[in-house]
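Asker: I'd like to ask some things about the structure below.
FYI, it's all coordinate maths here, none of it is from the lab. Only a predicted model underlies this, so the values are computations on that prediction, with no experimental measurement involved. With ideal geometry, Cβ positions are generated from the backbone for all residues, glycine too; neighbour counts draw on all protein chains shown.
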Amino acid sequence: MRLPFLACALIVALSTVGGAQTAGGQTTPAANAKEEEGIRKVLADFTGAWNSHDAKAFSMDFAEDADFTNVRGVSAQGRTEIEKFHAPRFATIFKDTHLTITDIKIRFIKPDVAEVDARWEMTGSKTPDGKEVPLRKGLLDFVMTGEGGAWSITVMHNTDLTPQS
């Protein structure tokens, strides 16, 4: 009778050693709270850099080897290229924009890898010939990775969901 009790106690003890993980490797909501905070900080920094029209600060939210794809399917690889891609746009068509993230959904794939959906709205955009663009809405899809407590954008795809007239 004592052996089954010890076996059950051992199983319970071992199942709590991982503490914050389920059998499938997913972290529990309590363990994710700190990681979610780090991800939300990246999104706040991302939005702040966009609204400051600062390509250098904007690029710093990305991993060194990140992949970026905009709403038109144009890509840039690496933090330096992401900065180079945005600098002329922040000086022209996006110089008066204001970006707001309206909804965030975070799904942890592994404790240090998350898929993040962020719905956005943007005002102040202009066409290349200087005409004001009405309110735009879209979806940012991110793969973010965490290392040493810091999160960064590893892959980003941007989708414009603005209804076309």
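Asker: Identify, from the list LYS110, LYS137, LYS95, LYS126, the residue that is in contact (Cβ under 8 Å) with a residue 60 or more places away in the chain and more than 12 Å from the chain's Cα centre (by Cα).
Answerer: Details: LYS137 fails: in contact (Cβ under 8 Å) with a residue 60 or more places away in the chain; LYS95 fails: in contact (Cβ under 8 Å) with a residue 60 or more places away in the chain; LYS126 fails: in contact (Cβ under 8 Å) with a residue 60 or more places away in the chain.
Unique residue meeting the criteria: LYS110.
Asker: Which of the residues belonging to the stretch 97-154 are in a strand (DSSP E or B), charged (D, E, K, R) and in contact with a Gly (Cβ under 9 Å, 6 or more places away or on another chain)?
Answerer: LYS110, ARG119, GLU121, GLU132
Asker: Test PHE108 against the criterion of being touching a helix residue (DSSP H, G or I) at 6+ places or on another chain (Cβ under 7 Å), under 27 Å from GLU64 (Cβ atoms), surrounded by 16 or more Cβ atoms within 10 Å (Cβ to Cβ) and among the aromatic types (Phe, Trp, Tyr), and give yes or no.
Answerer: On the way: touching a helix residue (DSSP H, G or I) at 6+ places or on another chain (Cβ under 7 Å): yes; under 27 Å from GLU64 (Cβ atoms): yes; surrounded by 16 or more Cβ atoms within 10 Å (Cβ to Cβ): yes; among the aromatic types (Phe, Trp, Tyr): yes.
Yes: the conditions hold for PHE108.
Asker: Among GLY78, GLY73, which is buried (at least 16 other Cβ atoms within 10 Å of the Cβ) and either aliphatic (A, V, I, L, M) or over 15 Å from the mean Cα position of the chain (by Cα) (or both)? Let's see the steps before the verdict.
Answerer: Details: GLY73 fails: buried (at least 16 other Cβ atoms within 10 Å of the Cβ).
None of the others qualify; the one that does is GLY78.
Asker: Every residue in the stretch 52-75 that is over 13 Å from SER152 (Cα atoms) and among the polar types (S, T, N, Q), please.
Answerer: The answer is SER52, THR69, ASN70, SER75.
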